[in-house]
Amino acid sequence: MINFQEFKNKLLEPGLVDHIVVSNKSVAKVYVRSSPRITDQTNDDVVQGPIDGTPARGNVSQYKYYFNIGSVDSFEEKLEEAQETLGIDPHDYVPVTYVSEMVWYQELLRFAPTALLLGSLLYMGRRMQGGFGVGGGGGGRGGRGIFNIGKAHVTKLDKNAKNKVFFKDVAGCDEAKQEIMEFVHFLKNPKKYEELGAKIPKGALLVGPPGTGKTLLAKATAGESGVPFLSISGSDFMEMFVGVGPSRVRSLFSEARQSAPSIIFIDEIDAIGRARGRGGLTGANDERESTLNQLLVEMDGFGTTAGVVVLAGTNRPDILDKALLRPGRFDRQITIDKPDIKGRDQIFQIYLKKIKLDHEPSYYSQRLAALTPGFAGADIANVCNEAALIAARNEGKQVTMEHFEAAIDRVIGGLEKKNKVISKLERRTVAYHESGHAVAGWFLEHAEPLLKVTIVPRGTAALGFAQYVPNENLLMTKEQLFDMTCMTLGGRASEQVLLGKISTGAQNDLEKVTKLTYAQVAVYGFSDKVGLLSFPQRDDAFEMTKPYSSKTGAIIDNEVREWVGKAYECTLRLIEEHKVQVAQIAELLLEKEVLHQEDLVRVLGERPFKSSEITNYDRFKQGFEEEGEKSKETTDGGTVEDDGSSPLEPNVVPV
């Protein structure tokens, strides 16, 4: 590349320029000769002659130089002016040719952003269709590409899957399992029912608290049925685009009918099955309601066909639309409650078989079932897994009862805070508080039997707690609730009687007492002043107004305050009567940090009340007594000391 001045001095003046080609009105390409141009004076023929006198090789020009011209007009003026200055005849001016050429790299640079954008969109579209398309990844879920957004995201059961669940893997809900097994039996043997004129129910709704096994029961149905099983979540129907929900419902049922007989399972159906008209704003839930309407039509409408059974799970049946629950759609509502002690025993046996134990699973199942009242199936599975993790952490070869006790402590009470700094005064206050709970419960007839009291702080149980083994009574009397209130207030009463001052540690106790007493007065109809009225509090709705007058509200508040005051006075008298024992238990707690029922028996004597029926604690204690008798027969008389660890239970009384 040269500039115009160099072009003029080195090429134009010696006569080496043959012609110039201007490309795209921006670049001048100079074609030069190997010898200067000489004009014959006689015939004006152009001949080639070398500058240094060597013979010419012919009129051959080569493109060797170029320069930028800026603009065409400026270039022509400068070129003409330069040739005039050099005295070149106008007939011999250097010829200039203008051409338009395509420069490939410039064109590529110009179209590169557009090509990059289109390529990115194409790649993302292919990736979405490949990763989420029909038959693609994501467990065979329906197409999520831009062109398949209206298709249902269905998970189909693989008949050859290794981790299939069967009915034998489900325990603690025998009645619900029997109901579901009828559906499976009908699908396998339809003629037996058709001969009697019976029709299979079109759907069943699995209802129960979280963790009770609704989805597990559906998985067992999929493993046992032997027919196509299509699973989908209620939230999968909803999308940001209008009309996608109804389209996915149609797609789901169309696919199910093509493979009939088949089973559809909709998990968490309350995502789309909420009662219509809720929300307060007209049109606010049009998309969800359209999806629900389409589901209602598909389950029982003009275009429905037989052979498709719909199962659904929810833990909030009270908010579902009534049209969804009527016979012909969900013919059956199968309630799955938290298991009782027998059900927990069965569930423990299933999960204990998967763990390496130092005894047979039956050795642990009944004991652990007695120690875990109120636990759902998911909680039990978590306890077993946590025990195995603790055993592995401690380099144990097998899982023992000690590990299970630590696991239950960990699940209910949280992580033990060994390094938490507590002053001596605070520790003494906690000890007397927990001692008050223990002594009050010991001398109250309807209080729960104490299992363990500790002042070791844990994650969710504050600075200490007392643990009990409740009997899971289905009905509670007024006297039982009164004793439970007094036992809960035992910590505050102990602080006032023995320490002479109260602390903030009873905040959780007072919260429980207030809630329990309000339930007695305003819900259970125990108050003579309020009468046989019930005003249950609804947690799912924002109550702008109370269902009773302000006068009735004042009566309820006064009754609650009076009842709690009477219970506290009774507790104060009880603690005052046994304050020596309360002090002894507190000092023993400060020394040992953990006390069991045996320690309380040594200080307080046997509990003055005996139950006519066997309790959960009796079941727990009886198992170890039987094991102790066996161990005495097989050992040389050695005894095993208690390590101070003991399981918790949900009804903890924290400080």
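The values are calculated or read from the model by the stated rules, or taken from the named source; none is laboratory data. All values derive from a computational prediction rather than experimental measurement. As a convention, Cβ positions derive from the backbone with ideal geometry for all residues, glycine included, and neighbour counts pool all protein chains shown.
Of all residues in segment 539-558, which are modelled with pLDDT of 80 or more, in a loop (DSSP other than H, G, I, E, B) and farther than 17 Å from Gln520 by Cβ? Before you say what the answer is, go through the steps one by one.
Going through segment 539-558, the residues modelled with pLDDT of 80 or more turn out to be 547-558.
From what's left, in a loop (DSSP other than H, G, I, E, B): 547-549.
Correct list: Pro547, Ser549.
Given Leu463, Leu474, which one is buried (at least 21 other Cβ atoms within 10 Å of the Cβ) and part of a loop (DSSP other than H, G, I, E, B)?
Numbers: Leu474 fails: buried (at least 21 other Cβ atoms within 10 Å of the Cβ).
None of the other options fit; the residue is Leu463.
Suppose the filter is within 60 Å of the chain's Cα centre (by Cα) and at pLDDT 85 or above; does Ala115 pass it?
yes
Got a sec? Which helices (runs of 4 or more DSSP H) wholly within segment 344-432 have at least 2 residues that are within 27 Å of the chain's Cα centre (by Cα)? Walk me through it before giving the result.
Values: elements: 361-371, 377-393, 401-413.
Once the helices (runs of 4 or more DSSP H) in segment 344-432 are filtered for at least 2 residues that are within 27 Å of the chain's Cα centre (by Cα), what remains is 377-393, 401-413.
Residue check: is Phe330 in contact (Cβ under 8 Å) with a residue 12 or more places away in the chain and either within 30 Å of Pro246 (Cα to Cα) or assigned to a helix (DSSP H, G or I) (or both)? Write out each step before concluding.
Numbers: in contact (Cβ under 8 Å) with a residue 12 or more places away in the chain: yes; either within 30 Å of Pro246 (Cα to Cα) or assigned to a helix (DSSP H, G or I) (or both): yes.
So Phe330 fits the description; yes.
So for segment 50-60 (the condition being modelled with pLDDT of 80 or more and either out of contact with any strand residue (DSSP E or B) (no Cβ under 6 Å at 6 or more places or on another chain) or under 16 Å from Lys29 (Cβ atoms) (or both)), does at least one residue qualify?
Of segment 50-60, the ones modelled with pLDDT of 80 or more are none.
No, there is no match, as no residue in segment 50-60 is modelled with pLDDT of 80 or more and either out of contact with any strand residue (DSSP E or B) (no Cβ under 6 Å at 6 or more places or on another chain) or under 16 Å from Lys29 (Cβ atoms) (or both).
Check Ile355, Ile347, Ile412, Ile408 and return the single one that is in contact with a strand residue (DSSP E or B) (Cβ under 9 Å, 6 or more places away or on another chain), in contact (Cβ under 8 Å) with a residue 40 or more places away in the chain and crowded, with 21+ Cβ neighbours inside 10 Å. Full working, then the answer.
Working: Ile355 fails: crowded, with 21+ Cβ neighbours inside 10 Å; Ile347 fails: in contact with a strand residue (DSSP E or B) (Cβ under 9 Å, 6 or more places away or on another chain); Ile408 fails: in contact with a strand residue (DSSP E or B) (Cβ under 9 Å, 6 or more places away or on another chain).
Going through Ile355, Ile347, Ile412, Ile408 in turn, just one is in contact with a strand residue (DSSP E or B) (Cβ under 9 Å, 6 or more places away or on another chain), in contact (Cβ under 8 Å) with a residue 40 or more places away in the chain and crowded, with 21+ Cβ neighbours inside 10 Å: Ile412.
Pick from segment 486-497 the residues that are crowded, with 24+ Cβ neighbours inside 10 Å and in a helix (DSSP H, G or I): which of them is nearest to the chain's Cα centre (by Cα)? Full working, then the answer.
Looking only at segment 486-497, we keep the residues that are crowded, with 24+ Cβ neighbours inside 10 Å, and these are 486-494.
When the remaining residues are screened for being in a helix (DSSP H, G or I), the result is 486-488, 490-494.
On the way: Cys486: 39, Met487: 37, Thr488: 35, Gly490: 39, Gly491: 38, Arg492: 39, Ala493: 42, Ser494: 43 Å.
In this case the residue turns out to be Thr488.
Taking Lys512, is it modelled with pLDDT of 90 or more, part of a helix (DSSP H, G or I) and exposed (fewer than 14 other Cβ atoms within 10 Å of the Cβ)?
no
Of the numbered conditions (1) more than 24 Å from Leu371 (Cα to Cα); (2) assigned to a helix (DSSP H, G or I); (3) without any contact (Cβ under 8 Å) to a residue 40 or more places away in the chain, Asp483 fails exactly one; give the number of that condition.
Every condition holds for Asp483 apart from (1).
Let me confirm something: among Pro608, Pro536, which residue is exposed (fewer than 13 other Cβ atoms within 10 Å of the Cβ), outside any helix (DSSP H, G or I) and without any contact (Cβ under 8 Å) to a residue 60 or more places away in the chain? Lay out the reasoning, then the answer.
Working: Pro608 fails: without any contact (Cβ under 8 Å) to a residue 60 or more places away in the chain.
Every option except Pro536 fails the conditions.
Quick test of your reading of the structure: Gly273 fulfils all but one of (1) surrounded by 20 or more Cβ atoms within 10 Å (Cβ to Cβ); (2) modelled with pLDDT under 80. Name the failing condition by number.
Here Gly273 clears every test but (2).
So Val439 clears everything in (1) closer than 29 Å to Ala378 by Cβ; (2) touching a residue at least 60 places away in the same chain (Cβ under 8 Å); (3) among the hydrophobic types (A, V, I, L, M, F, W, C) except one condition, right? Which one?
Answer for Val439: the failing condition is (1).
Restricting attention to segment 150-171, and to residues there that are at pLDDT 85 or above and buried (at least 20 other Cβ atoms within 10 Å of the Cβ), which single residue is nearest to Ile232 (Cα to Cα)?
Val170
Of everything in segment 195-240, what is under 24 Å from the mean Cα position of the chain (by Cα), in a loop (DSSP other than H, G, I, E, B) and at pLDDT 80 or above? Give them in sequence order.
Within segment 195-240, the first condition is being under 24 Å from the mean Cα position of the chain (by Cα), and the residues that meet it are 205-222, 229-240.
Those still in the list that are in a loop (DSSP other than H, G, I, E, B) too: 208-213, 238-240.
Within segment 195-240, Gly208, Pro209, Pro210, Gly211, Thr212, Gly213 qualify.
Which residues, taken from segment 61-116, are touching a strand residue (DSSP E or B) at 6+ places or on another chain (Cβ under 8 Å), in a loop (DSSP other than H, G, I, E, B) and not charged (D, E, K, R)?
Correct list: Ile69, Val94, Pro95, Ser100.
Which residues, taken from segment 575-609, are more than 17 Å from Gly464 (Cβ to Cβ), of a type in the set (Asp, Glu) and in contact with a helix residue (DSSP H, G or I) (Cβ under 7 Å, 6 or more places away or on another chain)?
Glu576
So is Gly628 modelled with pLDDT under 80 and assigned to a helix (DSSP H, G or I) or not? Working first, answer last.
Values: modelled with pLDDT under 80: yes; assigned to a helix (DSSP H, G or I): yes.
Against the criterion (modelled with pLDDT under 80 and assigned to a helix (DSSP H, G or I)), Gly628 qualifies.
Take the conditions touching a Lys or Arg at 6+ places or on another chain (Cβ under 7 Å) and either assigned by the TED database to the domain that holds Phe375 or more than 13 Å from Ala222 (Cβ to Cβ) (or both) and apply them to Gly172. Does it pass?
Details: touching a Lys or Arg at 6+ places or on another chain (Cβ under 7 Å): yes; either assigned by the TED database to the domain that holds Phe375 or more than 13 Å from Ala222 (Cβ to Cβ) (or both): yes.
Yes; evaluated as a whole, the condition is true for this residue.
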